[in-house]
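Before any comments, here is the structure.
The values are calculated or read from the model by the stated rules, or taken from the named source; none is laboratory data. Just so you know, these numbers come straight off a predicted model, no measurement behind them. Every residue, glycine as well, gets a Cβ built from its backbone with ideal geometry; the counts of neighbours run over all protein chains shown.
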Amino acid sequence: MTGRYEFVVTEEVLQNMARQKTVRVKWKFDDNKNVTGSYRNYQLNEDFVKMLCDQLQGAVGTTVTGCTKAVICCSGIRTAFYAHPCFRGHKWYDWALIHFEEQNQQGIVETHYPSRILGYLSIDGKPEAAIQCSSKPIDWNTVERQFIVPIKLGTDFNVSFVTVPIDAIVHPLCVFPENIDDESDTFYVVLPKRNWSRYFGDRIQIQ
């Protein structure tokens, strides 16, 4: 985990989080580099702050540690996942396929949701990722067949904005919005490049 920051929960902090969806944090690099004030004023994702505010009710005095980058081993490959409010001057929130276990009429089933990572947090030493999930799980076989699959990003805060263990992150996703000019909840998941040779190879017809 890198890009570390922390803050201590107080009643004033919780009030600011609830009213303004902001929180002042102490960035780790403030102690190591001679940086300007603008670096210290990075604003965490507003939805992430709202999630923290809900989770930290009654936790006055707790120290919350966060970070903006996690390096995770996915299928044997070390992969970086960013959740950064200002990486090289721009917001950068990576997408990932997230593993869930859900209850239905048949019992517990394993599902996978395309999700945008909003931040990383650790409370009492338990590291988690805060994510915004798609409204429905995705069948990976469908992605392998169709190459590009549309999804809807969930907007119900009580359902689609959740925290998960870091090891629930399965692998990175290439996702692009339906409209880059407007805030849209429609996105498209693209088959990863590592699967392209098989996808196109299966479609070659040898005469």
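Could you list, ordered by first residue, the pairs with Cβ atoms under 8 Å in which the first is in segment 7-25 and touching a residue at least 40 places away in the same chain (Cβ under 8 Å) and the second is of a type in the set (S, T, N, Q) and part of a loop (DSSP other than H, G, I, E, B), at least 6 apart or interchain?
Short answer, once both residue conditions are applied: Val8/Thr62; Val9/Thr62; Leu14/Gln57.
Residues in segment 172-181 that are assigned to a strand (DSSP E or B) and surrounded by 13 or more Cβ atoms within 10 Å (Cβ to Cβ): how many?
3
Residue check: is Ile166 among the aliphatic types (A, V, I, L, M) and without any contact (Cβ under 8 Å) to a residue 24 or more places away in the chain?
When the stated conditions are applied, Ile166 does not pass them.
Got a number for residues in segment 112-157 being in a strand (DSSP E or B), surrounded by 15 or more Cβ atoms within 10 Å (Cβ to Cβ) and β-branched (Val, Ile, Thr)?
Number of matching residues: 5.
Residue-by-condition table, conditions (1) in contact with a Ser or Thr (Cβ under 8 Å, 6 or more places away or on another chain); (2) closer than 19 Å to Cys67 by Cα:
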position: Gln132; (1), (2): yes, yes
position: Phe161; (1), (2): no, yes
position: Ser184; (1), (2): no, no
position: Lys193; (1), (2): no, no
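Conditions: (1) free of Cβ contacts under 8 Å to residues at least 60 places away in the same chain; (2) of a type in the set (A, V, I, L, M, F, W, C); (3) surrounded by 17 or more Cβ atoms within 10 Å (Cβ to Cβ); (4) not in a strand (DSSP E or B). Ala83 meets all but one. Number of the miss?
Unmet for Ala83, out of (1) free of Cβ contacts under 8 Å to residues at least 60 places away in the same chain; (2) of a type in the set (A, V, I, L, M, F, W, C); (3) surrounded by 17 or more Cβ atoms within 10 Å (Cβ to Cβ); (4) not in a strand (DSSP E or B): (4).
Inside segment 157-207, can you point out the residues that are polar (S, T, N, Q) and at pLDDT 90 or above?
Asn158, Ser160, Thr163, Thr186
Quick one: in segment 158-171, of everything that is in a helix (DSSP H, G or I) and of a type in the set (S, T, N, Q), which residue is farthest from Phe100 (Cα to Cα)?
Result: Asn158.
Give segment 28-52 a look and list any residue that's among the hydrophobic types (A, V, I, L, M, F, W, C), at pLDDT 90 or above and in contact with a helix residue (DSSP H, G or I) (Cβ under 9 Å, 6 or more places away or on another chain), or say none.
Leu44, Val49, Met51, Leu52
Tell me yes or no: at least one residue of segment 63-71 is of a type in the set (S, T, N, Q), in contact with a strand residue (DSSP E or B) (Cβ under 6 Å, 6 or more places away or on another chain) and either within 23 Å of Asp185 (Cα to Cα) or not in a strand (DSSP E or B) (or both).
yes
Say whether the condition of being in a strand (DSSP E or B), of a type in the set (A, V, I, L, M) and free of Cβ contacts under 8 Å to residues at least 40 places away in the same chain is met by at least one residue in segment 182-196.
So far as segment 182-196 goes, no, none of its residues is in a strand (DSSP E or B), of a type in the set (A, V, I, L, M) and free of Cβ contacts under 8 Å to residues at least 40 places away in the same chain.
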